[in-house]
Amino acid sequence: MTECEVVDEEIQGKIQDVVVFMCNECGQGSANTAGVARMKYDPAIRIIRVQCTGQVGPIQIMDALNNGADAVACVGCCLGACHFFNGNILSMHRIKLMKKLFKELGYSDQFINQYTSRAAEGETAVGDFEDIVERLSNAIKDEGTIKDGC
Amino acid sequence: MTVKEGKVKKTEQLGEKVERLENEEPRIGVFMCHCGHNIAGTVDVAKVAEYASTLPNVVKAEHYMFMCSKPGVQMVKDSIEELGVNRTVVASCSKNQHGKTFARAIEEVGLNKHRHQQVNVREYDSWVHQKEKEKATQKAMRLVEAGVNRSRKLEDVETRKIPTTKAALVIGAGIAGLRSSYDLAELGIPVYLVEKESTIGGHMTRLNKTFPTLECPQCSISPLTNGVANHPLIKLYTNAQIKSVDGSLGNFEVEIEIKPRYVKDNCTSCGECAAHCPVELPSEWDMGMSMRNAIYKAYPQAIPATYIRDKKNCIECNTCINICPVQAIDFSMQPETKTVKVGSIIVAAGYDEYDPSEIEPYHYGQEGYEDVITQLKLERMLSPTSLTNSEVLRPSDGKIPKSVVMIQCVGSRNDQVGNQYCTGVCCKFAIKNARIIKENYPDTNVSICYIDIRTPGLNFEELYKSAQEIGVRFIRGRPSEIIKDPISGDLSVIVEDTLTQTPLKLKADLVVLSAAMVPPEGIGPLGSKLHILRSKEGFLKEFHIKMNPTLSSKGGIFLAGVIQGPKDISETVAHAGSAAALAAAPLVKGYIEREMLIPSIDYDLCVKCGLCKTICAPAAIDIDENGIPSVNEVACKSCGMCMPVCPTGAIQLINFRDEQLLDEIIAVSGGGAICE
Amino acid sequence: MDVKVFQFNGCNKCYNESLLLKLDPSYKVQFIANPQNWKGEKTQVAVITGYLLPHNKENLERIKANSEKVIAYGNCTSMGGIFALANQHGHEISPLKNLIDNPININGCLGEIEELKTAINGEKPSKLRTLCEVCNRRATCEYLDTVHRQIELVDNETCFNDLGFLCIGFIAKECQERCIDYNTPCRGCKPMVERSGIRMLGMFGTLMGNIEVATEHSEKGATDKLADEEDDVTKSLPDILGNFFRFSLATSGLPKGRIESSGKLLEDVFIGRLIEELPLITGLLGGDKSILLTLKIIEPYEKANQIEISEETKKYREELLKLEKELQKAIEMHDAKQYEKVTNEIRKIAGNMNLSNVFFGGFKSQIKEEDNFDNYKTHIFELVEGTYKNGFVEYSIDSNGIIKEIKIREG
């Protein structure tokens, strides 16, 4: 095993719980499609069903982080195709501000993210999950986990 | 939940309805499904069930081969009857697949179906982590714990039957509105059809031929116009508009304002009045290609055939009053307001042709450029009822043009001026008209300047080919300018043929602009009266572009035809038929069933900011004169978007409250708080 | 009743305000400015003021053990307050409730003396209205197209938030200081809900729903996702922490900041804040020198950027400085009557003890009926990058108007 792989494994070990809020429409749909197609993704991904990403506010995001999540993401319908008009866009605005807030606190802004997916395409959900994990590992590599330094 | 005294009645009922079962001790039954090998092959189901049994309030934790099978469902039912389980958690497949099976089962033995919590360990766990058995089992335990946590505080949600008003309102009597009205009426539903113009039929009656078969549009539409005008269940209001709309899905109350025609219904349409009227104006219906009087009928075949007086331009000489053989003319008629109750509303307000005068280099509408016209004007010239006897004549000198240049994408596909979208029908009608001109005047050169020719669908490519074969010239390039020779007065179109990269100066006796379809004037105020949302292009926004293109953002209000976005006639008719079917469904059934999965409001915390109303897309939040919000339970779509918006957290969607989500979040987040 | 008032760290405004207890003969008040040296004796009521650090725990426990009732008076004690902004730089300012069990909390900056009396007497606190209910401005809460950092003082009827000017009064209770009456948006010193900053973030983020956000295409799943580049949304709120969490950073549940500390707690509070918010911040934490500190911060900026100030402005500012001297004297003499008189005078000019009315270039609202407000009205000013100093303070701001460095001479 190379040194690099050791580091990677160490980081992988630090990714335990990633809370993903998925909307009842495209979010859940794409994750179900991914399951049916037996696609693979990191077992740290924990999906919570919500009606719409527009329902997820900074309160839920902070609840998850305060209770030990390593990262939080919202997955909604594609932009312009929200089943409840514009919930995904509103959620995106709030997450933008949350990211900014974390930067101001001196943390990476990669602990919180927003994605979209398409119900018929499982790979969109898996792509999102992989991106979450990748961003999180990079953040951990650079500055440690969100829990570090306490 | 608390309700301040003297608050809106509606919300007091709400208080009773979402009454929480705080006193009842939760007794949770957890059922872990093997799904054959689908789950059990990866997840150690026995271990998960064992873990579940240690969780607080869990009175039964089982695992079984197929929970969705008859014995499996019976296990769930038995636990309720024998152990007094009052909340069930089944860890198997997705909510969509078997969530309903178990919800129905617990309902059969007397529990509210919302007390069932489905945990998806198959799609979200065993199927996607097949190689990582240990981690998958750990994850399943977390997911089950989350389900148990969530189920602990689940509230009962009532399903209510709400009777609907068996009548529909259709706004706009173009082809879309007519189609919808007729289809609804044929289903036995009374229809109020409101048209702002004096006649019905819309843009289609103006056209010369319809593509791709070159049929006569008047002949195609007349069965529908006559059918609607004579249908016993359709009440037609022309010269009318919507004043206000109140209510929601199933029960709307609409005020219609009917402007006076100043001619009574006993008009025999003899035309004596118009013949003697001294005032002459360009006809709007004829796109200014002919004249009308101050008392007029839009066109000879107009329905209703009753004449109408243009009050603004009438000089009140009273000639018509005196000459009318049946004394039908009455200048004292007043506007009327009618209130109707309907269950569904269809908006079929159509479109306006884009006004190209915005595009400076094309000089449309400017003096000296009378020979620059739009396609609709060309249609009027070509039409059998035209002033020119179907001849194409230059507006400036009345001569037959020797060269015609058509410019595509005027107001479409342009980031700088006009609109970004492709109107989608201009290529087809330009090709159709080009072919007709070429057929009628073989000596006339006809060119079409295009960016891309878009003729998808059956028969359209053939139309394109036939135009090419007959000698219509296609030039790929967007013209930069139309110039006028100062001496000869001839028009030329400056364009670069981008295929050969040659700059061209095309001499044009007549220039025809294929103008875009744009949202009709006045759609903004209409949209806000209906409380429905518009897309950024200004058309009315559909509920979902793919899965529900006819429903608007608000339940019970449907979109038909171009008002949702540019369409050709066939698409419009299909869209209108779909709108009619969807609008009819709750009315034919007589009631709608609504799960009262709606937000509740804590009035002690509410600061009356009104933001919940602002973001509520289906306009389900009403604010009274004191600024106090209340939820319209029928209109609500249970999206929960009002929750994070509320600055004090006063509005909470039941079963998705902050504390209920928190319980679930705690279980999956793994513990070990970040430092504060 | 036997009352002991303890001043811990930071600004001493609440401590001074408790001087007013002396006007009521039913209280036997004792003031303890150095609780570290306090030996401990039995008392009925202990009132704690000032911000608290973990090393104060021992003292606090001693106070708790010796008193029947412990009251956290003022924001710094009850919820961390403005000094807790230093937690962004890794400091550990905690509210009293995190250090000892079940204190009675009185929020507000300043803490209100009537509420303190109610708490001392053990009466039930009266129910307060929301700030919006007592505000003259009305909200419609339409989506915003732009967000502003400063507004012209022309509209007195529209809610600040509707004007695109962040005010977090939505979650605040009515208060005595009433910054909103002096054209100053509320920063939520008396929140009516827990985690007020986070809730307001959700609300304001939604309100900005019309503003375009940067998105990008992910390579893997090919779906839209949030781009990490700056866009109008994040640019228009350069200091979320300072504006949304001004008083509640210690209680908001946010993780401890990892920004490197400058070494001095007071400076850490300022770093990252916005230039236009400075007068209010200094007004909030300057204690009995807040007027001097505020003016010393305003003046170099005005001078360097040719912001003209009128004769009237100068006159009123001098008057304020004079009043502050009198105030210090009254505090020194423990003269409650004089204290009350002088603070009322200050309020007449500065609006409140937080100096909401004092701003760059003049004042934000009319001081006297007979005055011509236009003569000393403040206007929108430009944000100019640079270093500003006089003998008292030195600070530098970047092109966004964010404080990068600050030095305040002690004493």
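Points to keep in mind about this one:
- Integer Hz, Karplus 6.51/-1.76/1.60 couplings in order for segment B:37-54, x for Gly and Pro: 9, 4, 9, 4, x, 10, 9, 6, 5, 5, 5, 5, 4, 4, 5, 4, 5, 8
- Candidate aspartates and glutamates - alpha carbon under 15 Å from residue B:133, same-chain residues fewer than 8 apart omitted: A:42, B:44, B:123, B:125
- Only helices enter the 222 nm calculation for chain B: every DSSP H run of n ≥ 4 contributes -39,500 (n - 2.57), and dividing by all residues gives -8000 deg cm²/dmol, rounded to 500.
- As a rough footprinting exposure proxy, the listed residues B:306, B:498 were ranked by other beta carbons within 10 Å of their own, and the order from fewest upward is B:498, B:306.
- Lysine pairs within segment B:354-518, Cα separation less than 23 Å, 8 or more sequence positions apart or different chains: 28
- Fraction of beta bridges assigned by DSSP in chain B that are antiparallel (%, nearest 5): 50
- Modelled label positions at residue C:136 and residue B:226, each set 7 Å beyond Cα in the direction of Cβ, lie 7.1 nm from each other.
- Interchain or long-range residues, amide H under 5 Å from residue B:193's placed H: B:170, B:235, B:236, B:237
- Computed over chain B, relative contact order equals 14 percent, with contacts defined as Cα pairs under 8 Å that lie 6+ residues apart.
- Contact order normalised by residue count of segment B:223-378, Cα under 8 Å, 6+ apart, percent: 26
- Listed by chain and number, the aspartates and glutamates whose C-alpha is less than 17 Å from the C-alpha of residue C:314, apart from same-chain residues fewer than 8 away, are C:299, C:302, C:324, C:345, C:371, C:374.
- Per residue, the convex hull spanned by the Cα atoms of segment B:264-388 amounts to 179 cubic angstrom.
- Considering only C:381, C:399, C:359, the residue lying farthest towards the positive end of the dipole of segment C:321-411 is C:359, judged by Cα position with unit charges set on Cβ.
- Counting every other Cβ atom within 10 Å of each residue's Cβ, B:170, B:48 order from fewest to most as B:48, B:170.
- By definition, a body whose alpha carbon gyration tensor gives a ≥ b ≥ c is oblate when a/c is 1.5 or more and a/b is not larger than b/c, and segment C:299-411 fits this oblate description.
- Virtual paramagnetic centre 7 Å along Cα→Cβ of residue B:366, amide N under 15 Å, in segment B:387-423: none
- Projected label points at residue B:443 and residue C:409, each 7 Å from Cα along the beta carbon direction, are separated by 10.0 nanometres.
- Unsatisfied cross-links (Cα-Cα over 27 Å) in the set B:100/B:135; B:113/B:166; C:127/C:337; B:95/B:131: B:100/B:135; B:113/B:166; C:127/C:337
- When the trypsin sites (Lys or Arg not before Pro) in segment B:113-173 are filtered for DSSP coil states and for at most 11 other beta-carbon atoms within 10 Å of their beta-carbon, the remaining sites are B:131.
- Residue by residue along B:650-656, Cβ atoms of other protein chains within 10 Å of the local Cβ number 2 on average.
- Förster-model FRET efficiency, 45 Å R0, residue B:358 and residue B:544, C-beta, rounded to 0.05: 0.90
- Each Cα pair under 8 Å and six or more residues apart adds its sequence gap; the mean of these over the residue count of segment B:417-464 is a relative contact order of 41 percent.
- Among the listed pairs C:42/C:97; C:235/C:289; A:100/B:153; C:368/C:407; B:338/B:613; B:243/B:311, those whose Cα-Cα separation exceeds 25 Å are C:235/C:289; A:100/B:153; C:368/C:407; B:338/B:613.
- Of all DSSP-defined beta bridges confined to chain A, some 10% are antiparallel rather than parallel.
- Around the amide H of residue B:292, modelled in the peptide plane, lie the amide H atoms of B:281, B:283, all under 5 Å away and 5 or more residues distant in sequence or on another chain.
- Euclidean distance between Cα centres, segment C:156-218 to segment B:636-666, Å: 20
- Those lysines that a straight Cα-Cα span of less than 16 Å connects to residue C:124, excepting residues fewer than 8 apart in one chain: C:69
- Residue exposure proxy: C:239, A:70, C:101, C:371, ordered by other Cβ atoms within 10 angstrom of their Cβ from fewest to most, comes out as C:101, C:371, C:239, A:70.
- Extending 7 Å from the Cα toward the beta-carbon at both residue B:290 and residue B:473 defines two label points whose distance is 3.4 nm.
- Within chain B: Cβ-based charge dipole about Cα centre, in debye rounded to nearest 20 (Lys, Arg +1; Asp, Glu -1): 960
- Rh by Kirkwood over Cα pairs, then Stokes-Einstein D for segment A:1-116 at 1.567 mPa s and 4 °C, µm²/s: 86
- Using the Cβ of residue B:159 as centre and a radius below 11 Å, the other residues enclosed give a net charge of -1, where K and R count +1 and D and E count -1.
- Given charges at beta-carbon only (K, R positive; D, E negative), |dipole| of chain A in Debye: 720
- In angstrom, the C-alpha Rg and Dmax of chain B are 32.4, 101.
- Principal axis analysis of the Cα atoms in the protein assembly as shown yields extents of 112, 88, 69 Å, listed in decreasing size.
- 5 angstrom amide H check on residue C:138, placed H, neighbours 5+ away: C:158, C:159
- Residue C:318/residue C:338 FRET efficiency (R0 25 Å; Cβ-Cβ; nearest 0.05): 0.80
- Checking every one of the GluC sites (Glu not before Pro) in segment B:499-597 against DSSP loop status and a limit of 15 other Cβ atoms within 10 Å picks out B:521, B:537.
- Segment C:257-300 versus segment A:56-115: alpha-carbon centroid distance in Å: 31
- Phi-derived couplings, Karplus 6.51 cos²θ - 1.76 cosθ + 1.60 at θ = phi - 60°, listed residue by residue for segment B:333-346: 4, 10, x, 10, 10, 10, 10, 10, 10, 9, x, 9, 10, 10 Hz, with x used for Gly and Pro.
- Annotation for segment B:613-674: GluC sites (Glu not before Pro) lying in DSSP loop with at most 16 further Cβ atoms inside 10 Å of their Cβ are B:625.
- Here the Karplus relation 6.51 cos²θ - 1.76 cosθ + 1.60, evaluated at θ = phi - 60°, turns the backbone of segment B:352-364 into coupling constants of 10, 6, 4, 8, x, 5, 5, 8, 3, x, 8, 6, 4 Hz, with x for every Gly and Pro.
- Cβ-derived FRET efficiency at R0 60 Å, residue B:331 paired with residue C:236, nearest 0.05: 0.55
- Quotient of the Cα radius of gyration of segment C:86-226 and 2.2 N^0.38 Å, N being its number of residues: 1.34.
- Cα centroid separation, segment B:68-102 to segment C:370-400 (Å): 68
- Summed over qualifying helices (DSSP H, 4 residues or more, each -39500 (n - 2.57)) and divided by its residue number, chain C shows a 222 nm mean residue ellipticity of -8500 deg cm²/dmol.
- Note on segment B:126-255: antiparallel DSSP beta bridges, both residues inside, total approximately 45 percent of the bridges counted.
FYI, it's all coordinate maths here, none of it is from the lab. Everything numeric in this text was worked out from a predicted model, so none of it was measured. As a convention, Cβ positions derive from the backbone with ideal geometry for all residues, glycine included, and neighbour counts pool all protein chains shown.
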